[in-house]
Amino acid sequence: MDQISKLGMVFLLGLFAVLSLIVAAGGHHNFQYWGGLGFFVVCILLAFYAVHELTSGHGKHSDHH
């Protein structure tokens with residue numbers, strides 16, 4: 001069940017990232033453009049972190065021998 005919630009979080013972060021790019025593309029003012037791009041970067045970074053936690057977890061799959 002925990003993996004389903006993390007997958008849902010990745011999906012929502014991706015959706016918010018796309019929506020923030022739409023806001024940035026329609027931005028005619030400096031704040032709307034940079035705010036949309038900034039929120040996009042935050043969403044993508046959080047999505048990457050969530051995928052990292054989903055795939056590797058808390059040290060479950062260690063590459064160290």
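Readers should treat all values here as calculations from the given coordinates under stated rules, not as data from a laboratory. Predicted model only: the values in this text are computed from it and were never measured. Note: ideal-geometry Cβ built from the backbone for every residue, glycine included; neighbour counts use all protein chains shown.
Observations on the structure shown:
- Computed from backbone phi with θ = phi - 60° and the Karplus coefficients 6.51, -1.76 and 1.60, the 3J(HN,Hα) list for segment 3-14 is 5, 5, 5, 5, 5, x, 5, 4, 4, 5, 5, x Hz; x is used for glycine and proline.
- Available extension along the chain between Phe48 and Ile4 is 14.2 nm, counting 0.36 nm per residue and deducting the alpha carbon span.
- Residue exposure sequence - His52, His28 - by fewest surrounding Cβ within 10 Å: His28, His52
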